[in-house]
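A.B. asks: Here it is, the structure, as structure tokens.
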Amino acid sequence: SSPDASSKDLRAKLVLLGDSGVGKSCIVLRFVRGQFDPTSKVTVGASFLSQTLALEDSTIVKFEIWDTAGQERYAALAPLYYRGAAAAIVVYDITSPESFSKAQYWVKELQKHGSPGIVMVLVGNKADLHDNRSVSSQDAQDYAEKNNMFFIETSAKTADNINQLFEEIAKRLPRPTA
Ligand code: GDP
Ligand code: MG
């Protein structure tokens, strides 16, 4: 018998890690609400936002997206946050080399303590600020390849590559075995 379409549906906990100020909350709000508000002190809230995405193969992925309320400052709390995550978006700001170093710290942390098989994506955000770029795309791409991660540059401000980011994650999620 052919499987019912809904049997292909996936649900995935997704977390964002990275220095504060790199644009994690703005990426989430752009994806979930289609908005960018440069004036608001954005923190999505205590728990999570969810958003579904339909893939070309008709799989429906429901992301449960956890945004931190500044806990990224407290490394000791991070394991509580990323526990059980199917995917992690590690974000830096392309104008900030310090944030790129911090991203590498989070990648190591996830490699050591994240769920086995967690899908990790490296994101260079604020791509609209290319005139002030100080992390080269090539360096980031090389780092991502070495660490078996997908790499993409985004702008939450212009929406550039935001949907693509989530689609790439969705495609990489492990499919339930029949
Ligand atoms: P978080 O601390 O990582 O959650 O960062 P936020 O999402 O709060 O964003 C920090 C600041 O960066 C805010 O002032 C945002 O308006 C700004 N910001 C976020 N994403 C972008 C972007 O893609 N381009 C530009 N130019 N600014 C951004
Ligand atoms: Mg935030």
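Computed from the coordinates by the stated procedures, all read-outs in this text should not be read as laboratory data. Worth saying up front: this structure is predicted, and the values here are computed from it rather than measured. All Cβ positions, glycine included, derive from the backbone under ideal geometry; neighbour counts span all protein chains shown.
A.B. asks: Check T68, T59 and return the single one that is surrounded by 14 or more Cβ atoms within 10 Å (Cβ to Cβ), among the β-branched types (V, I, T) and over 16 Å from the mean Cα position of the chain (by Cα). Spell out the reasoning first.
C.D. replies: Working: T68 fails: over 16 Å from the mean Cα position of the chain (by Cα).
On inspection, the qualifying residue turns out to be T59.
A.B. asks: In the range 10-36, how many residues are within 13 Å of ligand 2 (Cβ to nearest atom), touching an Asp or Glu at 6+ places or on another chain (Cβ under 9 Å) and among the basic types (K, R)?
C.D. replies: Residues flagged as within 13 Å of ligand 2 (Cβ to nearest atom), touching an Asp or Glu at 6+ places or on another chain (Cβ under 9 Å) and among the basic types (K, R) within the range 10-36 amount to 1.
A.B. asks: Every residue in the range 116-129 that is away from ligand 2 (no atom under 16 Å from the Cβ) and either out of contact with any strand residue (DSSP E or B) (no Cβ under 9 Å at 6 or more places or on another chain) or of a type in the set (V, I, T) (or both), please.
C.D. replies: Hits for the range 116-129 are P116, G117, I118, V119, V121, D128.
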